[in-house]
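Participant: I'd like to ask some things about the structure below.
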């Protein structure tokens, strides 16, 4: 049984990596855009560089849109380091360079690591671009290298789920 689980784990990882090849880098212009935030409450600590936003939070930077109930923006030295989002669900979407379909992501917690160009989705994580989609307990998506690593939840006996549509059969999304 252990061997079967290990083989399935490897096969699932391979499927996720193949699925990641269908996605591309985020718009390169997004990093240079101002960040616009709407929320019911805000607390800014200039000394630490951490801003906390609560209540129906909507954050937008270029094509990147983040929503959640609690958003923490970490900007030590005035440079965006990371954004932590919590919600039921928290969402993250971004337009990849050279593609029509937007990447839509959701989870109960999302961490966007700006310098590493990495998104970590935790707890009921889902990512979709066009007809391609996958879900698991934890998904790490590197927007710079277009790689994905997804994990199921062994304790809950939940496996990674993926839908990979051949390129010729993909439905274009407006």
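The values are calculated or read from the model by the stated rules, or taken from the named source; none is laboratory data. None of these values were measured; they are calculated from a predicted model. All Cβ positions, even for glycine, are placed from backbone atoms using ideal geometry, and neighbour counts span all protein chains on display.
Participant: Could you grab me the full set of residues in the range 133-147 that are touching a strand residue (DSSP E or B) at 6+ places or on another chain (Cβ under 7 Å) and either in a loop (DSSP other than H, G, I, E, B) or closer than 17 Å to residue 97 by Cβ (or both)?
Facilitator: Across the range 133-147, the qualifying residues are 141, 142, 143.
Participant: Against the conditions (1) part of a loop (DSSP other than H, G, I, E, B); (2) touching a strand residue (DSSP E or B) at 6+ places or on another chain (Cβ under 7 Å); (3) surrounded by fewer than 16 Cβ atoms within 10 Å (Cβ to Cβ), where does residue 88 fall short? Just the number, please.
Facilitator: Among (1) part of a loop (DSSP other than H, G, I, E, B); (2) touching a strand residue (DSSP E or B) at 6+ places or on another chain (Cβ under 7 Å); (3) surrounded by fewer than 16 Cβ atoms within 10 Å (Cβ to Cβ), the lone unmet condition for residue 88 is (1).
Participant: Report, ordered by the first and then the second residue, all pairs with beta carbons closer than 7 Å, sequence separation of six or more or different chains, a first member in the range 152-169 that is assigned to a loop (DSSP other than H, G, I, E, B), and a second member that is loosely packed, with under 10 Cβ neighbours inside 10 Å.
Facilitator: none
Participant: Continuing with the same structure: I'm checking my understanding of the structure. Among residues of the range 34-55 that are in contact with a strand residue (DSSP E or B) (Cβ under 8 Å, 6 or more places away or on another chain) and outside any strand (DSSP E or B), which one is surrounded by the most Cβ atoms within 10 Å (Cβ to Cβ)?
Facilitator: Out of the qualifying residues, it is 39.
Participant: Go through the range 119-161 and count every residue that is surrounded by 17 or more Cβ atoms within 10 Å (Cβ to Cβ) and more than 20 Å from residue 109 (Cα to Cα).
Facilitator: 2
Participant: Applying the selection to the range 100-116, what residues are outside any loop (DSSP other than H, G, I, E, B) and in contact (Cβ under 8 Å) with a residue 60 or more places away in the chain?
Facilitator: Matches in the range 100-116: 103 only.
Participant: Separate question: Pairs, please: C-beta under 7 Å, at least 6 apart or cross-chain, first residue without any contact (Cβ under 8 Å) to a residue 40 or more places away in the chain and on the phi < 0 side of the Ramachandran plot and in the range 88-99, second surrounded by fewer than 19 Cβ atoms within 10 Å (Cβ to Cβ) and not in a strand (DSSP E or B)?
Facilitator: Correct list of pairs: 93/102.
Participant: Of everything in the range 69-83, what is within 17 Å of the chain's Cα centre (by Cα), buried (at least 17 other Cβ atoms within 10 Å of the Cβ) and either on the phi > 0 side of the Ramachandran plot or part of a loop (DSSP other than H, G, I, E, B) (or both)? Give them in sequence order.
Facilitator: 80
Participant: Keeping to the range 95-126, report how many residues are modelled with pLDDT under 95, farther than 15 Å from residue 150 by Cβ and more than 9 Å from the chain's Cα centre (by Cα).
Facilitator: The qualifying residues number 13.
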